[in-house]
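Have a look at the structure below before the remarks.
None of the figures in this text is laboratory data; all of them are computed from the coordinates on show. Since this is a predicted model, take the numbers as computed values, not measurements. When we count neighbours, we look across all protein chains shown, and the Cβ atoms used for this are built from the backbone with ideal geometry, even at glycine.
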């Protein structure tokens, strides 16, 4: 799927009244093909194939802002190690359950210390 197709699919799945209004203001110079071409330069799929670091993606299947179908277009282009957490009943805000999952995921990969760290890098108990 080309980037412009991802945007085309995006606008089939969600509605932005602002886009319709913007197009209607200058119909002689603004149109869907031109808009989709411009947006293709700002599509995450353009960089997804460059991701080499391990990554976690989360998707709320009820998300009207970032429809899952458009998220998976970029996810499928990532060549590095990746994981996707899907929340069937969640929208754009994944909530505390995912925040905790993401923190645990990061901790398991970076072996974060449980001790609070001060801004200068020393454990807080050593600061007195």
Problem - Computed label-point distance, nm, for sites residue 76 and residue 103 using a 7 Å Cα→Cβ extension - result: 3.5 nm
Handout entry: Distance cut-off 13 Å, percentage of C-alpha pairs in the range 1-72 lying past it
Key = 71 percent
Practice task
With a Förster radius of 25 Å, plug the Cβ-Cβ distance of residue 18 and residue 49 into 1/(1 + (r/R0)^6) and report the FRET value to the nearest 0.05.
Solution key: 0.25
